[in-house]
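Have a look at the structure below before the remarks.
Laboratory data are not the source of any read-out in this text; all were calculated from the coordinates shown. Note that the coordinates shown come from a computational prediction; the quantities given were computed from them, not determined experimentally. We place every Cβ from the backbone using ideal geometry, glycine too, and count neighbours over all the protein chains shown.
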Amino acid sequence: MIRPIDIILAMALLTNGVMANPLPKANATYAPVDMAQVRLGQLLFYDPILSGSKTVACATCHHPKHATADGLSLGLGDGAHGLGPKRMIDPKNLPEQRVPRNAPALFNLGAHEFTTMFHDGRLEADPTRPSGIRTPLGTEMVQGFASVLSAQSMFPVLSPDEMAGHYTESDVARAVRQGFLTGEDGAWSLISARVAGIKEYQSAFEQINGPGHSVTFTDISDVIAEFIAFEWRADDSPFDQYLRTGEPLPKGAHLGMSLFYGKAQCSTCHAGQFQTDHDFHAIALPQVGPGKSARFETHARDEGRLRVTGNPADAYKFRTPSLRNIAQTAPYGHNGAYATLEAMIRHHLDPVASLKAYNVAQLVLPDLPNSQDFRATHDPDEQAAIAAANELSPSNLSEMEIIQIVAFLNALSDTASLAGKLGVPQTVPSGLPVDQ
């Protein structure tokens with residue numbers, strides 16, 4: 001039986017006489033959540049107690065004020081204060097470097113399809129592993145997590161640039177720098193003990209896990225994952241409504257949709273309801289910031305997926321981001337290289353030419369004295385390597401077509417999801433300040 005909505009969707013596949021790729025179905029499925037864990041996870045998500053210096057929360061770089069990101073090309077973690085573009089360094093605790101990659105948004109991570117985390121995919125669901133999770137860190141690091149979404153929280157708390165902090169400022173920072181991560185005296189145990197030492201948190205975990213329960217780091221990460229999965233479900237944008245009921249899009253957005261799924265071939269990679277194929281691609285994005293090389297190396301390259309797989313064919317590949325609420329989550333790219341959607345679209349039209357002409361003035365970066373943010377940008381060998389890995393052939397769009405695609409991308413905004421369902425708590429059990 002052919003439904004009226006199917007006829008409407010089929011008609012949308014033709015614009016300017018060009019047959020487009022099939023539109024996705026608005027049929028994402030989600031894991032169920034436990035509300036007791038969600039409410040506890042909300043408090044811990046906004047509580048700086050999880051950071052070495054007790055000054056950085058998960059929400060510092062993933063705040064609803066900035067659409068679950070931070071509004072920066074590259075953020076500042078430990079050693080700074082404030083939110084988003086207003087974040088400033090602490091002269092008495094100067095950050096060693098910026099966070100090497102752009103803070104990704106958190107929308108729809110409770111959907112079953114999101115099984116890969118981070119720009120390079122260094123954390124992935126893998127049912128062949130005893131833990132169900134694969135990471136280059138090894139099997140010990142992923143034991144006991146309820147999900148990939150839960151396991152991703154281990155990375156920020158163990159990162160000196162994000163939450164762990166400077167070597168001398170806390171027991172957590174010292175444990176991380178000395179490589180003591182798991183085990184009795186490891187960073188996770190120290191963080192867990194902090195949380196368990198707060199009566200309200202200990203009581204909440206006992207209500208979930210039983211009387212006398214000893215709080216572990218995976219307990220903490222599991223409830224934070226439950227909160228993220230519940231809080232930021234964004235699947236009711238105008239585009240979703242169009243897919244479900246045929247509710248018309250504005251004319252410009254409708255034309256942009258046909259370009260997106262047709263001539264412009266955006267959906268080749270930005271596929272599915274949330275516009276991601278969950279795969280990795282090299283599109284010659286310029287390198288800025290400290291990169292992801294080991295600290296003892298003297299260059300600032302970020303070779304993306306290669307650092308995970310060791311396969312030279314994966315050099316400079318990064319995960320296709322979901323485009324849900326994309327209009328609110330600038331800057332764009334794995335390192336926030338582009339400040340506007342229009343600039344990011346133009347890069348896709350001729351990535352190598354765009355790489356060569358890149359202007360760092362469009363970066364959104366708080367001041368950080370003596371940074372080495374542009375070493376790779378000005379390295380001709382690195383630029384050549386990035387260009388050689390590019391997968392996208394040059395293409396053409398008119399100025400009007402670019403405007404129409406931007407209009408469609410705006411139709412991917414589920415504005416009701418931006419603030420989250422529970423919102424920002426006024427206080428947290430630790431008594432530490434909550435960024436509002």
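Compactness ratio for the chain: Cα radius of gyration over 2.2 N^0.38 Å (N = residue count) comes to 0.99. Our coupling estimate for the stretch 154-165, obtained by passing each phi through the Karplus curve with A = 6.51, B = -1.76, C = 1.60 and θ = phi - 60°, is 6, 6, x, 6, 9, 9, x, 6, 9, 10, 6, x Hz, Gly and Pro reported as x. Taking packing as the residue-averaged number of other Cβ atoms within 10 angstrom, the listed peptides 388-394, 424-430, 95-101 run from highest to lowest as 95-101, 424-430, 388-394. Restrict the search to the stretch 265-352; then list the GluC sites (Glu not before Pro) that DSSP places in a loop and that have at most 10 other Cβ atoms within 10 Å of their Cβ. Passing both the DSSP loop test and the Cβ count: 297.
Springs join every pair of Cα atoms under 10 Å in this Gaussian network model of the chain, and among 180, 280, 227 the largest mean-square fluctuation is at 180.
Scanning residues 5 or more positions from residue 123 or on other chains, those with amide H under 5 Å from its amide H are 117, with H placed 1.01 Å from N in the peptide plane.
Nearest 10 degrees, 0 to 90: what angle lies between the long axis of helix 251-260 and the longest principal axis of the chain (Cα atoms)? The helix 251-260 is inclined about 80 degrees to the chain. With the simple model of a label 7 Å out from the Cα in the direction of the Cβ, residue 361 to residue 88 spans 2.6 nm.
When only alpha carbons are used to place a centre, the stretch 371-389 and the stretch 223-252 end up 38 Å from one another. Per-residue 3J(HN,Hα) values for the stretch 357-370, derived from phi via the Karplus relation 6.51 cos²θ - 1.76 cosθ + 1.60 with θ = phi - 60°, read 9, 4, 10, 5, 5, 7, 5, 10, 9, x, 5, 9, x, 6 Hz in sequence order (x marks Gly and Pro). Taking Cα atoms only, the orientation of helix 399-410 departs from the longest principal axis of the chain by about 40 degrees.
Convex hull volume per residue, computed on the Cα atoms of the stretch 287-392, equals 118 Å³.
Principal-axis analysis of the Cα atoms of the chain puts helix 217-231 at an angle of about 30° to the longest axis. What base-10 log of the normalised intensity I(q)/I(0) is obtained for the stretch 87-155 from the Debye formula, alpha carbons as equal point scatterers, at q = 0.27 Å⁻¹? Once normalised to I(0) and log-transformed, intensities are -1.26. Running a GNM on the chain with Cα contacts under 10 Å, which residue among 199, 317, 421 ends up with the highest mean-square fluctuation? So, out of 199, 317, 421, the one fluctuating most is 199. Phi-derived couplings, Karplus 6.51 cos²θ - 1.76 cosθ + 1.60 at θ = phi - 60°, listed residue by residue for the stretch 23-33: 6, x, 9, 8, 10, 4, 10, 10, 6, x, 10 Hz, with x used for Gly and Pro. Amide H to amide H, with H built 1.01 Å from N, residue 317 comes under 5 Å of 305, 306, counting only residues 5 or more places away or on other chains. Note: the stretch 177-272, Cα convex hull, 198 Å³ per residue.
Pick from 91, 24, 321: which is most flexible by mean-square fluctuation in a GNM of the chain where alpha carbon atoms under 10 Å apart are linked? It is 91.
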